[in-house]
Amino acid sequence: MNLRRCAAMSCKEFIQIRRDRRSLAIVLFLPLIQILLLGYGARLDANHIPLYVLDQEGSQHSQALLKAFQASPYFNVVKTVENYGALVRAIDSDHCKLGIVIPWNFSERLDDSGRATVQAVVDGTDDNSAQLAEGYAQAVVANYTSGVQVDWFARHGLANQATSRLSVDDRTWFNEDLESKNFIIPGTVALVMALMGALLSSLTIAREWERGTMEQLVATPVTALEIMVGKLVPYLVISLLDAALCAAFAVAWFEVPFRGGLGTFFFTTTLFLIVILGIGYMISVATKSQLGASQYALLVTLLPTTMLSGFAFPIHQQPAPIRALTYLVYSRYYVSALKRIFLDGAAINELVPQIAAMTIYALVVGFFATRAFRKSLQ
Amino acid sequence: MNRAPSIVVDKLMKRFDTFTAVKQVSFQIHAGEIFGLLGPNGSGKSTIIRMLCGLLTPSSGSATVVGFDIARHAEEVREHIGYMSQKFSLYNDLTALENLQFFAGLFGVKGSALDERIAWALKMAGLAGSERLLTGELSGGWKQRLALGSAVLHRPQVLFLDEPTAGVDPLSRGHFWELIHQMSREGVTILVTTHYMDEAEYCNRLALINQGLIVAMGTPTEIKHLAIKGTLWLVECNPLGRALAVVKQAPGVIDASVFGAALHVSVDASRQPLTELPTFLASHEVRVDRIELISPSLEDAFVSLTGDRTFSDESAQ
């Protein structure tokens, strides 16, 4: 590989990006727009969920539970109603998302056995909100009843059992602050990288074909490998700058913690970009048209990154066949690495499985990409 | 001047699916020679050039360019050639200077040669002082000379020009051919395709190509004499269609074809067409307005030769 020829190619690509409005817009604005949209729009947690309560008992316990709901930042107790019909109507007319029914024997059962049930009626039209509302409600009720339970177990001389039984409360899809932005925003870096990398690299070869400049290029001594490296290096550099921009924005604007090292961040991002740029490049070689190439590239990179990487939709909640499929989705490893770098502060040695998977992908994609383009007009 | 062959083409053939673009073409070009491939659009000229530049792989046959086999040593071939494609293929969104710098980089031109060659190319293209203009904004003549400049930055031994003057004004064409002749004098071998008959006269030697076959090869003069037997006469007459239909039966007429609004008629040298033709045509109700002895052009040769070819192809079927 002749570095002078690579450099000539990279230099040319930089000039072309600078002069092409579409590329420039992708490079400068897309990351910001994406992270703003996703940062604000794609929140999965709900605050101030409108709530109706039907208290059939009206006891000290039931009133205390009602207060617990009122104190929770996740609920807004709109009204207490007198009968079940009013509750159903409120849900039907969209006045509330959740109705809590405290049964007439709530106190009795709580005092007898240390456990009691409340009924939650959830508006399921928005599945995600419904799940969240139900989850939050469970948390509030569990929190309240556990206090009662500890008392109950203590009274019955079962203090040890009380602690062991009450420790079972795992809901991995909440982060420690119960805030989905911390969970989602690190993953948006992957989304932005996939979107940008695919769009930019898918244009590289197709543009030469469309503008008729390929013929001259093929007639020079530049090799296919030099063309690929020379063309993709500028996009790698630009994408890394944009990744840094996204991370800075996540931290400064959305106040997402960034506990890991920058080295780890750029290393994993580079691996991911090699895969994305390589795929975009191969698609560009295969389709020879800028429009077609960018469409395919988005389909192959952005779609799996959105749906199957665990970026916003937790992988363990997906059905088994889809879950199996996610192991093939290279972005899953990057998203997982990103979350751990941002939230856990994981270092490179703690991300060995993710890095190993991405390295394998980078090598495979690199291998095929270097063979994808042959210097010929046929 | 070294007269060893710089390009040797041996039974080169190119088939695209069902269509054979080039059928077993052979020729040799000497160093420093300007060799023209003359033929109509679609005759296979560009396909030959593209095979010699390593852009297309031949279906069969072989060729060497400055001693390198085009199939096995395509990269070595590319280091020694310059190529100007039929369609302008520099980057319109780069400036003239940036285009030259890019191609100089790809050809490995470096050090003091880099600045010197770029300055030379800009001067040659008439773009010195305008090197920061975007290439897309340049006129046809400038673009063409810039493309030529980009193709020879690395001082190639062989230059391939595919329809280099298409869409360029006549003044720029004349200037362009001066540049080509200058390079030839410096020892550069030049293979040029054209469908402009007048331009073919600038070449040292020519191959006439029709439907993928070479129908004649030689200097322009040789080809004209080879193709046109007897003497050639310009006949202005009316009506033209009937004249063409009957004139071939006239005594001593070898061939006839329409050129513009008149006929070019080749006649056995022993005949006297000045008197015989008007008489013959008058008897077929064709009025002759003018008849004049002319010297054959390459176009005459081409029409005459390809007419023969078409006929023999048909009779072979």
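Coordinate-derived values only; no laboratory data. Bear in mind that the values here come from a model prediction, so they are computed numbers and not experimental data. As a convention, Cβ positions derive from the backbone with ideal geometry for all residues, glycine included, and neighbour counts pool all protein chains shown.
Across peptide A:221-229, how many C-beta atoms of other chains are within 10 Å of each residue C-beta, on average? If you average over the peptide's residues, the count of other-chain Cβ atoms is 3.
Using only side-chain charges placed at the Cβ, +1 for Lys and Arg and -1 for Asp and Glu, the dipole size of the protein assembly as shown relative to its Cα centre rounds to 1240 debye.
Once C-alpha pairs closer than 8 Å and six or more residues apart are averaged by separation and normalised to the residue number of chain B, the relative contact order reads 18 percent. How big, in percent, is the set of alpha carbon pairs in chain B lying more than 27 Å apart? Of the Cα pairs, 51 percent sit more than 27 Å apart.
The amide H of A:Ala346, built 1.01 Å from its N in the peptide plane, has A:Ile341 as neighbours under 5 Å, considering only residues 5 or more places off or on other chains.
Cβ-Cβ distance of B:Ser283 and B:Ala166, R₀ of 60 Å, FRET efficiency by 1/(1 + (r/R0)^6): the value works out to about 0.85.
With the simple spin-label model, which puts each label point 7 Å out from Cα in the Cβ direction, the B:Lys87 to A:Arg89 separation comes to 7.2 nm. Take A:353-366, A:265-278, B:79-92 and order them by the average number of nearby Cβ atoms within 10 Å per residue, most first; the result is A:265-278, B:79-92, A:353-366.
One Cα centroid belongs to region B:254-288, the other to region A:2-34; the line between them spans 67 Å.
Viscosity 0.890 mPa s, temperature 25 °C: Stokes-Einstein D of chain A from its Kirkwood Cα radius, in µm² per second?
Answer, rounded: 102 µm²/s.
Relative to its residue count, region A:49-161 spans a Cα convex hull of 93 Å³ per residue. Pairs exceeding 22 Å between alpha-carbon atoms, taken from A:Lys12/A:Lys288; A:Lys12/B:Lys143; B:Lys23/B:Lys229; A:Lys12/A:Lys375; A:Lys181/A:Lys339: B:Lys23/B:Lys229. Loop-resident GluC sites (Glu not before Pro) (DSSP state other than H, G, I, E or B) in region A:73-145 with no more than 16 further Cβ atoms inside 10 Å of their Cβ: A:Glu82. Against the empirical curve 2.2 N^0.38 Å, the C-alpha radius of gyration of the protein assembly as shown lands at a ratio of 1.51.
Computed about its Cα centre, the charge dipole of chain A is approximately 2080 debye, with only Lys, Arg, Asp and Glu carrying charge at their Cβ. In this calculation the C-beta distance from A:Arg115 to A:Ala347 is compared with R0 = 41 Å, giving a FRET efficiency of 0.40. The label point for B:Arg72 and the one for A:Leu299, both projected 7 Å from the Cα toward the Cβ, are 4.3 nm apart. When only the Cβ of Lys, Arg, Asp and Glu is charged (+1, +1, -1, -1), the dipole of region A:49-161 relative to its Cα centre reaches about 260 debye. Contact order for region A:49-161, expressed relative to its length and based on alpha carbon pairs under 8 Å spaced 6+ residues apart, stands at 28 percent. Can you bin region B:73-142 into rounded, prolate or oblate? Criterion: square roots of the alpha carbon gyration tensor eigenvalues sorted a ≥ b ≥ c, rounded for a/c under 1.5, prolate for a/b above b/c, oblate for the rest. Cα axes put region B:73-142 in the oblate bin.
Assuming 0.36 nm per residue, please report the length gained on full extension of the stretch A:Leu3 to A:Ser146 beyond their Cα-Cα distance.
The A:Leu3-A:Ser146 span can extend by a further 44.7 nm.
When the convex hull of its Cα atoms is viewed from all sides, region B:176-232 shows a mean projected area of 4.7 nm².
Size descriptor for region B:112-219, Kirkwood hydrodynamic radius: 15.1 Å (Cα pairs only, one decimal). Among the trypsin sites (Lys or Arg not before Pro) in region A:299-378, those located in a DSSP loop and surrounded by at most 13 other Cβ atoms within 10 Å of their own Cβ are A:Arg374. Average partner chain C-beta neighbours within 10 Å, per residue of B:49-57? That works out to 4 on average.
Distance between the 7 Å Cα→Cβ label points at A:Phe14 and A:Ala356: 3.9 nm.
Can you give the mean number of other chain Cβ atoms that lie within 10 Å of the Cβ atoms in peptide B:92-105?
Rounded to a whole number, the mean comes out at 4.
Just name one of A:Gly366, A:Tyr136, A:Cys11: the one whose Cα is farthest towards the positive end of the charge dipole of chain A (beta-carbon charges, Lys/Arg +1, Asp/Glu -1). Positive-end residue among those listed: A:Cys11.
Overall size of region A:270-378 from C-alpha positions, given as principal axis extents largest first: 50, 30, 22 Å. The gain in end-to-end length when the B:Lys123 to B:Leu234 segment is fully stretched comes to 35.5 nm, 0.36 nm per residue minus the alpha carbon separation.
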